[in-house]
Amino acid sequence: MNHSQDKLQQLIANTPKTLTPERELWTDIEKQLDKPEYNQPNHWRRVAVASVVLLCTIVGTFIWNNTAIRPSYTAQTEASPLQITLAEIKLEHEQQVELLEQNQKVNWQSSELGLPLNKGIEQLRKAAEKIYQTLKKTPNDKELWQLWLWTQQREIELLQQGQNLPAADLNQGALI
């Protein structure tokens with residue numbers, strides 16, 4: 001170990017106290033410091049922003065003019081927003097009823113307890129369809145809307161009540 005310690009001390013003593021670069025660096029550093037800062041003009045950026053604004057203005061004007069000059073006959077054939085909403089609500093209700101009928105827990109329709117419910121549901125469906133046909137003609141009638149929505153809600157409630165009825169047991173009394 002002593003030999004390695006001596007060798008280390010000798011290497012430390014032989015190393016120069018300062019390092020000098022192979023070539024002169026200060027001239028390059030001074031050039032970098034004295035170099036004027038070059039600002040790239042934002043000419044292209046300004047042109048791009050101006051062209052985007054111009055393009056948006058032209059497209060907006062074009063769209064505005066096309067919607068303002070619609071032929072009058074297309075307005076009569078298009079469905080009003082209320083009629084579209086009416087159709088969407090009807091479709092959603094039909095999907096809810098279908099889902100309830102698919103996921104029924106018991107076969108309440110075949111029991112005697114389910115007969116009044118079946119009649120009530122059928123009457124509600126017929127009434128809702130008549131109300132729907134009337135609503136298509138007069139979609140601004142608020143009371144008719146409320147009545148139609150009530151019949152749909154009541155139909156769903158009756159279907160849910162049918163889920164809670166006892167199932168019809170076909171083998172009743174066979175196990176004596």
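Only a single criterion out of (1) modelled with pLDDT of 75 or more; (2) assigned by TED's automatic domain parsing to the domain that holds THR151 is not satisfied by ASN107, namely (1).
Scanning the stretch 133-165 for residues that are in contact with a helix residue (DSSP H, G or I) (Cβ under 9 Å, 6 or more places away or on another chain), farther than 17 Å from GLN96 by Cβ and either at pLDDT 80 or above or part of a helix (DSSP H, G or I) (or both) gives THR134, LEU135, LYS136, THR138, PRO139, ASN140, ASP141, LEU144, TRP145, LEU147. Please verify whether ALA79 is closer than 25 Å to GLU155 by Cβ and at pLDDT 85 or above, treating the condition exactly as stated. So ALA79 fails the test. Taking first residues from the stretch 130-150 that are free of Cβ contacts under 8 Å to residues at least 24 places away in the same chain and partners that are in a helix (DSSP H, G or I) and small (Gly, Ala, Ser), the Cβ contacts under 8 Å between residues at least 6 apart in sequence or on separate chains come to TRP148/ALA128. Take the residues in the stretch 1-24 that are modelled with pLDDT of 80 or more and of a type in the set (A, V, I, L, M, F, W, C); name whichever of them is farthest from the chain's Cα centre (by Cα). Checked the stretch 1-24; the qualifying residue farthest from the chain's Cα centre (by Cα) is ALA13.
Looking at LYS119, LYS130, just one residue is surrounded by fewer than 14 Cβ atoms within 10 Å (Cβ to Cβ), at pLDDT 90 or above and assigned by TED's automatic domain parsing to the domain that holds LEU86, and that residue is LYS130.
The values are calculated or read from the model by the stated rules, or taken from the named source; none is laboratory data. None of the values given here were measured: they were computed from a predicted structure. Note that each Cβ is placed from the backbone with ideal geometry, even for glycine, and that neighbours are counted across all protein chains shown.
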